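Taking it in order: structure first as structure tokens, then the write-up.
The values are calculated or read from the model by the stated rules, or taken from the named source; none is laboratory data. The model shown is predicted, which means the values in this text are computed figures rather than measured ones. Cβ placement follows ideal geometry from the backbone for every residue including glycine, while neighbour counts extend to all protein chains displayed. To get the accessible areas, we keep the full protein, side chains included, count just its heavy atoms, and leave off ligands, DNA and RNA. Shrake-Rupley method; radii C 1.70, N 1.55, O 1.52, S 1.80 Å.
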Amino acid sequence: LVWLLVLSLAWLGPALGDEDKDEEVVEEEEKEKKEDEVVSDEIKEENNVLVLHEHNFARALSEHQLLLVEFYAPWCGHCQQLAPAFAQAATELRNESSPARLGKVDAMAQTALATEFGITSYPTLKLFRDGNRTHPLAYTGRMDSWGIVHWMQRRAGPSATLLQDTDTAAAFVNSQDLVVVGFFKDLSGEGAQAFFEVAAEMVDVTFGVAEAAELFQAYGLSADTVCLFKKFDERQTNFPMDPARGLDTAKLTQLLRIHSLQLVMEFTNETSNQIFGAKIPHHMLLFLNKSSTEQLSLRDSFRAAAGGFRGEVRWPHGRDVEDGHGTPQPQCLLFPSQVLFVVVDVTGHGADVLPFFGMTPADAPTLRLVKMENNRKYQMEQDNFSDSAIRTFIQAVLDGKVKPHLLSAEPPEDWDTRPVKVLVGKTFEQVAFDETKNVFVKFYAPWCPHCQAMAAAWEELAERYKDREDIVIAEMDSTANELENITIHGFPTLHYFPAGPGRKMVEYKSTRDVETFSKFLDNGGTLPVEPPVSEVREQPPCPGQSPAPAGRGDGSCRM
């Protein structure tokens with residue numbers, strides 16, 4: 001038996017050893033294969049998106065005339081949200097045989113590429129044209145498939161259609177509710193090139209261009225002019241080019257955006273992006289109940305008042321300049337709109353914004369003016385819906401003669417008996433500005449998940465310091481309360497008001513936990529310098545907002 005056992009071991013031993021050796025060889029071959037795949041300049045695709053890395057990036061640039069590259073991080077919520085739209089856009093462009101292609105780079109794995117192109121946030125989209133690696137163009141379009149496709153199409157082909165005679169021009173002008181046509185005597189000149197830049201950016205508007213003399217005559221023009229044609233309000237709005245200063249692309253874009261809007265907009269789900277995207281500094285709002293015929297009639301005087309605040313082109317006297325041929329040309333001054341007029345149906349889409357104004361449907365009809373920079377709201381002492389009264393009120397606000405209307409809830413009966421003191425607009429100053437106290441205030445929104453996540457820590461902090469006479473832990477619902485000299489842009493916002501005369505408010509921007517809060521308070525409103533936290537965390541999304549990228553503090557929700 002012993003002899004048989006020895007023979008068996010003698011036979012099986014080498015076989016077992018060879019098996020182990022074979023496994024090692026297979027593992028080594030697979031490792032080499034993976035390394036070869038990484039080093040190779042082969043370009044693979046995922047859902048028609050080119051998968052790029054440092055070894056195939058140069059090849060991709062050489063093979064594709066227009067290449068839009070997304071630099072992403074696998075953990076980034078914004079990147080995850082963009083991925084389906086990016087893939088859909090890539091498929092649409094490929095199906096139409098466009099020279100434009102889309103690619104992606106994992107910036108966490110491809111650190112050399114991320115460093116080369118200065119990638120510091122995710123996602124970052126850059127356009128590479130004609131293989132140029134040194135000067136990529138930043139993506140400026142909408143972050144959805146429609147926006148990506150149209151942004152790329154404008155760069156793949158002419159951004160404006162050439163109109164060669166009166167028949168094609170008339171057909172073009174009547175083809176849509178709104179079109180823009182640039183009339184230039186020299187399409188290779190600086191003014192026309194600036195116009196093409198604007199056309200490439202405004203992908204939601206159709207652009208045409210003309211240089212034929214007969215077209216200048218047909219539309220009553222003598223100098224280079226950009227014309228906006230609409231089937232509503234003013235049918236034709238002209239923006240003449242200043243022959244001395246040329247065409248300001250930013251100002252022209254703003255004016256086209258403003259005049260593309262109706263003189264009076266109705267706030268709906270479809271128009272909200274237009275209303276806020278125009279970046280008009282003041283919004284004049286008429287709240288009404290559209291089921292009431294009497295209230296609907298108020299729109300007429302509201303519209304009559306709106307005309308005086310539309311952006312305009314003025315031709316000052318005695319300011320003529322000479323063009324390049326010595327011919328006097330009038331110099332135009334462009335004045336963008338200061339006020340956008342909006343009708344809000346309190347029983348429709350507008351019902352969702354009523355809490356922002358501290359209103360209910362029963363308050364309609366009523367007027368409010370909002371300064372968009374800081375969300376300050378203004379109202380008449382008593383609503384007067386005549387067009388002259390509306391114009392007078394708006395001008396008084398613009399001239400700084402009207403104080404903002406500040407919201408304030410009523411203070412709870414036990415507001416000062418809880419560990420966390422509950423502040424409202426009308427009690428804020430007496431608590432926060434008490435020179436004998438160090439006051440730490442949380443400004444929050446009830447719907448904000450970041451505020452909800454830190455609520456327990458704030459309560460624990462208040463319990464820890466409830467016996468300290470010199471420290472007050474407080475909170476204020478900023479959706480129901482407003483302050484004249486403090487504007488809250490996101491939630492939660494934490495402000496510290498130190499004791500003593502000449503106190504200066506300090507904004508807390510560190511980690512939101514009890515121990516860090518305590519260090520901050522015990523150090524008199526400052527924190528010792530510590531190494532940055534490397535932990536990566538995904539943040540909860542805010543209602544109606546894109547998910548916050550991970551690894552960016554504790555997150556916040558915008559107003």
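Please list the non-local residues whose amide H lies under 5 Å from the amide H of Lys421, H modeled 1.01 Å from N, same-chain partners needing a gap of 5 or more.
Those lying under 5 Å, H to H, from Lys421 are Ile473, Ala474, Glu475.
Just to verify a number: FRET efficiency for Lys279 and Thr516, C-beta to C-beta distance, R0 = 25 Å, to 0.05? Mind showing how you got there, number by number?
Details: r = 37 Å, r/R0 = 1.49.
It comes to 0.10.
Pop out the carbon and sulfur fraction of the accessible area of segment 421-523 as a percent, whole number, probe 1.4 Å. Don't skip to the answer; put the middle values down first.
Values: 2220 of 4770 Å².
Ligands and nucleic acids excluded, carbon and sulfur reach 47 percent.
Hey, any idea what % of segment 44-156's accessible area is carbon plus sulfur with a 1.4 Å probe?
Roughly 47 percent of what the probe reaches on segment 44-156 is carbon or sulfur.
Would you mind working out the accessible area per residue for segment 195-303, using a 1.4 Å probe, and quoting it in Å²? Present the calculation step by step, with values, prior to reporting the outcome.
Working: 4990 Å² over 109 residues.
Counting only protein heavy atoms, the per-residue value for segment 195-303 is 46 Å².
If you find the alpha carbon centre of segment 56-106 and of segment 190-267, how far apart are they in angstrom?
Answer, in whole Å: 32.
Pull out the extension gain between Glu96 and Arg129, defined as 0.36 nm times the separation in residues minus the alpha carbon to alpha carbon distance; nm, one decimal.
Details: separation 33, 0.36 × 33 = 11.88 nm, distance 1.90 nm.
Fully extending the segment from Glu96 to Arg129 adds 10.0 nm.
Return the distance in nm (one decimal) between the two label points of a simple spin-label model at Ala396 and Val39, each offset 7 Å from Cα along Cα→Cβ.
With each label point 7 Å from Cα toward Cβ, the separation is 7.9 nm.
Check which residues have an amide H placed less than 5 Å from Thr366's amide H, if you skip close sequence neighbours.
It is Phe287, by chain and number.
Using the structure shown, list the pairs from Lys403/Lys519; Lys377/Lys466; Lys279/Lys437; Lys251/Lys401; Lys126/Lys230 with a Cα-Cα distance above 31 Å, or answer none.
Numbers: Lys403/Lys519 39 Å; Lys377/Lys466 36 Å; Lys279/Lys437 41 Å; Lys251/Lys401 29 Å; Lys126/Lys230 34 Å.
Distance filter (> 31 Å) returns Lys403/Lys519; Lys377/Lys466; Lys279/Lys437; Lys126/Lys230.
Among DSSP bridges having both ends in segment 421-523, what percentage is antiparallel? Round to the nearest 5.
On the way: 8 of 18 bridges.
The answer is about 45 percent antiparallel.
What is the gain in length, in nm to one decimal, between Thr140 and Asn523 on full extension, counting 0.36 nm per residue of separation less the C-alpha to C-alpha distance?
On the way: separation 383, 0.36 × 383 = 137.88 nm, distance 4.39 nm.
Fully extending the segment from Thr140 to Asn523 adds 133.5 nm.
Counting only heavy atoms of the protein chains, get the accessible area per residue of segment 44-156 (1.4 Å probe) and round it to a whole Å² value.
Details: 5150 Å² over 113 residues.
Averaged over the residues of segment 44-156, the accessible area is 46 Å².
Please compute the modelled spin-label separation between Asp204 and Phe232, points set 7 Å along Cα→Cβ, answer in nm with one decimal.
1.3 nm
Quick one: which of 411-417, 364-370 comes out on top by average Cβ neighbours within 10 Å, and what's the full order, highest first? Before the final figure, lay out each step's value.
On the way: 411-417: 11.7, 364-370: 20.3.
Highest to lowest by the protection proxy: 364-370, 411-417.
Tell me the per residue accessible area of segment 421-523 using a 1.4 Å probe; a whole number in Å² is fine.
Working: 4770 Å² over 103 residues.
Solvent-accessible surface per residue comes out at 46 Å².
Short version: ³J(HN,Hα) in whole Hz for each residue of segment 199-210, in order, from phi by Karplus 6.51 cos²θ - 1.76 cosθ + 1.60 (θ = phi - 60°), x for Gly and Pro, what are they?
4, 5, 7, 8, 6, 8, 10, 8, 10, x, 9, 9
With a 1.4 Å probe and all protein chains left in place, how much of the accessible area of segment 191-272 comes from carbon and sulfur atoms, in whole percent? Write out the running numbers ahead of the final one.
On the way: 1570 of 3430 Å².
Accessible surface attributable to carbon and sulfur in segment 191-272 totals 46 percent.
Report the calculated FRET efficiency for His349 and Glu381 (r = Cβ-Cβ distance, R0 = 35 Å), to the nearest 0.05.
0.75
If you stretched the chain out fully between Glu413 and Arg464, how much longer would it get, using 0.36 nm times the residue separation minus the C-alpha to C-alpha distance?
On the way: separation 51, 0.36 × 51 = 18.36 nm, distance 2.30 nm.
Result: 16.1 nm gained on full extension.
State, to one decimal in nm, how far the label point of Ser297 lies from the label point of Ala362, with both points 7 Å from Cα in the Cβ direction.
So the label points at Ser297 and Ala362 sit 2.5 nm apart.
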